[in-house]
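Below is one structure; the comments refer to it alone.
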Amino acid sequence: MDKVSRTTILSKVLLSLFWLLFIFSVLYPFLFKPAEIDSQDVTQIAPKAIPDFASISDVTEKKRAFFAYLLPEIKRQNELVMQERHFVMSIDQKIQTQSIISETQLNKLKTLAKKYKLKENAELIDLVTSLLKRVDIIPPELVLVQAANESAWGTSRFAQKGYNFFGLWCFKKGCGFVPKQRDDGLEHEVAKFKNLPHAVNTYVRNLNRHYAYEQMRTIRYRLRTSQQKITAEALVHGLMSYSERGQDYIEELLNMIRFNRKYMNV
C-alpha cells in the first residue's frame, strides 16, 4: 500500500471518529437515566415553623394541636418503613418458593442490612429473618406519648429550637445542645435536627435497630408471627432502657396512652 493510500485511510478513520464523538456528545444526556433523589434524605426537606405550644392555655386544645402537628409525619415514616418491609417480605416469599432473586434485589437487601445494622454477608435466610424483625412500624400512639413525655408537650427548648421531641442524644461535639445539668465527665449532647421528618426518621430508626430495644422488637415480632395487632400498650414494655426511670417510665407512658388516646385522632 502506497503512502497516499495510507494517508487517505487514516483521514477517513479520523473523520469517522470525529463524527462518532460528536453524535455521542449530543446524545449523552439521553443515554442514561438521571439519578433519583433519595426519598429518605429528609434533611433536604425545608423546615416548617414549630407551633408555640406553650402559648396555648387550654390543655385539651394544646394536646390536640400537639398530636395534630406530629401525627402526619409519624404516619409517613411508618409508610416508608412498610415499603421496605414489603420488599423484604417479597424476598422471603422468593426463598420459600425457591424463586430466582436478582442481583438488584440482593444489592437492595444488603443496603437495608447496612441501614438496620445487620451483617451484609450473613446467610440469606438469616438476614431476611433479622430484617423482618427490625423493619416494622412503631404504633403512632406510642410515638405520640413518648414525644409528649420527652418534650413536655413540645414546649422544651430542645423541641422548639431543634425538633428534638424524643430526648435523643448525640455524641459528636457540636451535634446538638449541651445540657445545662450534664454530669462531669459526660460528653453527650441533646441532638438537634434539621426538621421534623429528620427527627421522626431518626427516632423510628433508633428503635428499630439499636441493641437497647431488642426486647421491643421481639414483642412486635411475636405479635406479627401470631397475626395479632401491634399495639402501643404491648410495645411499651420493651422500652425499659429508654429512660433511667425504668418501670416508672413504662407505667407513666401506659397511663398517658390510656388518658390521651381520645385526643390523638389516630
List pairs: first residue in the range 148-166 and outside any helix (DSSP H, G or I), second residue open to solvent by less than 10 Å² (accessible area, probe 1.4 Å) and of a type in the set (Phe, Trp, Tyr) anywhere in the structure, Cβ distance under 7 angstrom, at least six positions apart or on different chains. Trp153/Phe53; Trp153/Phe66; Gly154/Phe53; Gly154/Phe66; Gly154/Phe165; Thr155/Phe53; Phe166/Tyr203
Restricting to the range 109-161, name every residue that is on the phi < 0 side of the Ramachandran plot, open to solvent by less than 10 Å² (accessible area, probe 1.4 Å) and not aliphatic (A, V, I, L, M). Tyr116, Asp136, Pro139, Gln146, Ser151
Complete set of residues in the range 231-266 that are of a type in the set (Val, Ile, Thr), open to solvent by 20 Å² or more (accessible area, probe 1.4 Å) and at pLDDT 95 or above: Thr231
Do any residues in the range 106-134 that are farther than 26 Å from Leu235 by Cα and in contact (Cβ under 8 Å) with a residue 24 or more places away in the chain have Cβ atoms under 9 Å from those of residues that are open to solvent by less than 90 Å² (accessible area, probe 1.4 Å) and not in a loop (DSSP other than H, G, I, E, B), where the two are at least six apart or on different chains, and which pairs are they? Leu124/Ile91; Leu124/Ile95; Leu124/Leu106; Leu124/Leu109
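The values are calculated or read from the model by the stated rules, or taken from the named source; none is laboratory data. For clarity, every value in this text was computed on a predicted model and none was experimentally measured. Here the Cβ is made from the backbone with ideal geometry for all residues, glycine too, and neighbour counts use every protein chain on show. Heavy atoms of the whole protein, side chains included, go into the accessibility calculation; ligands, DNA and RNA do not. Shrake-Rupley method; radii C 1.70, N 1.55, O 1.52, S 1.80 Å.
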